[in-house]
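Undergrad: Before I ask anything, let me first share the structure, which is written out below as structure tokens.
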Protein chains: 2
Amino acid sequence: MSFALQAVREHLNQEIAALPFGQHPPELYEPIRYLMQLGGKRLRPLLTLLACHAFSDRWEPALAPAIGVELFHNFTLMHDDIMDDAPLRRGEPTVHEKWNPNVAILSGDVMLVRAYEFMAQVADVHLRKVLALFSQCAAEVCEGQQLDMNFERRATVSEEEYIGMIRLKTAVLLGFALELGALIGGASEADQHRLREFGVSVGIGFQLKDDLLDVYGDQEKFGKQVGGDIIANKKTFLLIKALEQAEGAQATELNSWLTRTAFEKEEKVQAVRSLYDQLHIRKQTEQRMNVCFTTAWQALEQLQLSDAQKAPLRTFTTQLIGREF
Amino acid sequence: MSFALQAVREHLNQEIAALPFGQHPPELYEPIRYLMQLGGKRLRPLLTLLACHAFSDRWEPALAPAIGVELFHNFTLMHDDIMDDAPLRRGEPTVHEKWNPNVAILSGDVMLVRAYEFMAQVADVHLRKVLALFSQCAAEVCEGQQLDMNFERRATVSEEEYIGMIRLKTAVLLGFALELGALIGGASEADQHRLREFGVSVGIGFQLKDDLLDVYGDQEKFGKQVGGDIIANKKTFLLIKALEQAEGAQATELNSWLTRTAFEKEEKVQAVRSLYDQLHIRKQTEQRMNVCFTTAWQALEQLQLSDAQKAPLRTFTTQLIGREF
């Protein structure tokens, strides 16, 4: 029942490194190899492999579709980076910066096609369901990205709207990755659904944790610039709750920071963080996050698997959500 | 054996008009409905339906995948229009102009997902092959678009490189549309291949005809601005042949027109057309085009079908390639 995480990740990385994705013209395929080689934790395909292994003691049958999951995820990064005009991805120039936006559009398109090709590498008996689930997930991720862009232009966003958006943009892909592995591993329909719900709940909780880390994280451990969301007025869970609850002088101060165009970054981060503190936003966010993780663990417990079979998924998830402040 | 072209096209249009493609957020799905409603001849899905009907006397089983073909085609238009910075499509604002480029990227992405969903609406026995053929075609169309962009930046392009590019960018989708219909209609593998070759050859010939019409077409009958390719220095088959063959004063004059930034449009069109005339470019293009159409007709003749079964495909194609100068 043991799942050799590091060895499997290494195998996955070697498989991905050996894939050409296509040859000619190089402008189309080189950006795919570039982005797929920038690293990342391979979280999503590992979830697929872990789920398959939990039900069948083998991860190999899920390897090709797991690569499809990673290709799809990187396709969304390539196109999202154009839309967000992001200069860097994992510390290196984004594809649209290193080449140009047209190359990033077209390379991304062919990545989505290749994702379908890898996804189709499942047994005939699973093909139709895998395709249907993947297409639904892919459309939902696009819906989430569009909602995210819409919310940035809106004055207010409700808590439930925000949770709905991150569910689509981030969480459904984790849910799909797990459901896919469970399906290939021979899980019952009920267990496939439980693992999807587990993934969706973990995904939402994980995003809330990311929102928290931006404000309260340790710069040494956090991969990104602490305070980046505050500087950019990003409508995170924390800002949404603060906008909802701030009144009087607090509301005036918060809105003043949101509308100011010239400011000292560190001063703004400290001022907004202080407002969050006064409003107990950290605690509220942690509570909501913990509801998600509790729901996730409950779904995991209900799986028709032995404790030993559940253990690798549990360990991996614990590490994943256990990032320190 | 008769195929009621107008009635089937009308049915297809009604089906497409009734499709929501998705609901929320509207920014994602409204551009899809907009572009799919701009009209067009529905050439590609009609080829799928014609091919299916030729082998089975029914087109209905091919309707959903035929819509998938049209969705895919319109996805390529939505993304190509961003890359080409095109203001108009079928006389109306392009999606990136009417909304913005981010909306056009993301709506296009979800169109490709929906195309796969419609494509998957075939019998189980055909599903794997349809997906493999569609994915290959989709990647090739992307390769063709990238080559087209590359060629615009290059000083010279050979005739065979150009034919290879239009084969990928334009012709393989016609080939796939026909092969798909033949497959669903129960054609033999040999006939599926013949119909694909027919479609690819028609597609290349059709693009060469389009290149010719830009220079020698009747403005009354040609949908676009006659001379538009000349004004834009577009590397059409005609310009490629002229660059290959012009010497001395003719080469000097041609290059002078290609490098001039300020000019009278009509003067440039007439001057370049006159150079084409001197070099007998029209005749050479017509010869190459006719080779394509001859190859296409030969493939059609070899189909294991009666003359009556072939008739609708033959009539449709004759009308298609018979556009007057």
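Undergrad: If the only charges are +1 at each Lys and Arg Cβ and -1 at each Asp and Glu Cβ, what is the size of the charge dipole of chain A around the Cα centre, to the nearest 20 debye?
TA: It works out to roughly 300 debye.
Undergrad: Considering only B:284, B:199, B:233, whose Cα is most displaced toward the positive end of the charge dipole of the range B:188-305, charges sitting on Cβ of Lys, Arg (+1) and Asp, Glu (-1)?
TA: Checking the options against the dipole of the range B:188-305, the answer is B:233.
Undergrad: Residues with beta-carbon under 14 Å from that of residue A:152, excluding residue A:152: net charge, scoring Lys, Arg +1 and Asp, Glu -1?
TA: Value of the local net charge: -2.
Undergrad: Between copies, how close do the residue A:280 label points come, placed 7 Å along Cα→Cβ, listed in nm from shortest?
TA: Counterpart label points of residue A:280 in the remaining copies fall at 9.2 nm.
Undergrad: Here is a follow-up. I want to check the label-to-label distance for residue A:321 and residue B:233. Put each point 7 Å from Cα in the C-beta direction and report it in nm to one decimal.
TA: Here the modelled spin labels are 5.9 nm apart.
Undergrad: With viscosity set to 1.002 mPa s at 20 °C, what whole-number translational diffusion coefficient in µm²/s follows for the range B:188-305 from Stokes-Einstein and a Kirkwood radius over Cα pairs?
TA: The diffusion coefficient I find is 136 µm²/s.
Undergrad: Determine the dipole magnitude for the range A:188-325: charges of +1 sit on the beta-carbon of Lys and Arg, -1 on that of Asp and Glu, nothing else is charged, the reference point is the Cα centre, and the result goes in debye to the nearest 20.
TA: So the magnitude is around 140 debye.
Undergrad: Right, here's the next one. Just grab the label-to-label distance for residue A:266 and residue B:253, each label 7 Å out from Cα along the Cβ direction, in nm (one decimal).
TA: 7.1
Undergrad: In degrees between 0 and 90, to the nearest 10, how far off the longest principal axis of chain A does helix A:101-119 point, with axes built from Cα atoms?
TA: Between helix and principal axis, roughly 40 degrees.
Undergrad: If you don't mind, another one. When the label point is put 7 Å from the Cα of residue A:88 along its Cα-to-beta-carbon vector, which residues of the range A:228-252 have a backbone N closer than 20 Å?
TA: Only A:228-234 pass the distance filter.
Undergrad: Karplus couplings for the range A:292-308 from phi (6.51 cos²θ - 1.76 cosθ + 1.60, θ = phi - 60°), rounded to Hz, Gly and Pro as x?
TA: Values per residue, Gly and Pro as x: 4, 5, 5, 4, 4, 4, 4, 4, 5, 4, 6, 4, 7, 9, 6, 4, 5 Hz.
Undergrad: Most mobile of A:186, A:68, A:203 per a Gaussian network model of chain A (Cα springs, under 10 Å)?
TA: Result: A:186 has the largest fluctuation of those listed.
Undergrad: Still on this model: Efficiency by 1/(1 + (r/R0)^6): what FRET value for residue B:307 and residue B:189, r their Cβ-Cβ distance, R0 = 22 Å, to the nearest 0.05?
TA: 0.50
Undergrad: Okay, next question. So if I place +1 on the C-beta of Lys and Arg and -1 on the C-beta of Asp and Glu, and nothing else carries charge, what would the dipole magnitude of the protein assembly as shown be about its Cα centre? I want it in debye, nearest 20.
TA: 420
Undergrad: What is the diffusion coefficient of the range A:279-325 in µm²/s, taking the Kirkwood radius over Cα pairs and the Stokes-Einstein relation at 10 °C with a viscosity of 1.306 mPa s?
TA: For these conditions, the coefficient is 131 µm²/s.
Undergrad: Another question, if that's okay. Please work out the Cα center distance from the range B:87-119 to the range B:250-325, rounded to the nearest Å.
TA: 29
Undergrad: In addition: Per residue, what volume in Å³ does the Cα convex hull of chain A take up?
TA: 130
Undergrad: Within the range B:1-77, list the trypsin sites (Lys or Arg not before Pro) lying in a DSSP loop whose Cβ has at most 11 other Cβ atoms in a 10 Å radius.
TA: Here the sparse-neighbourhood loop sites are B:41.
Undergrad: Sorting B:220, A:266, A:97 on the 10 Å Cβ count, fewest up front, what's the list?
TA: By the 10 Å Cβ count, ascending: B:220, A:266, A:97.
Undergrad: Can you sort A:231, B:184 so the residue with the fewest Cβ neighbours within 10 Å comes first?
TA: Placing the least packed residue first, the sequence is A:231, B:184.
Undergrad: What Kirkwood Rh does the protein assembly as shown have if only Cα atoms enter the pairwise 1/r average? Answer in Å.
TA: 27.2
Only the coordinates and a few stated rules stand behind these numbers; no lab work does. This structure is a prediction, so every number in the text was calculated from the model and none was measured. Positions of Cβ are generated from backbone atoms using ideal geometry, with glycine treated the same way; all protein chains shown enter the neighbour counts.
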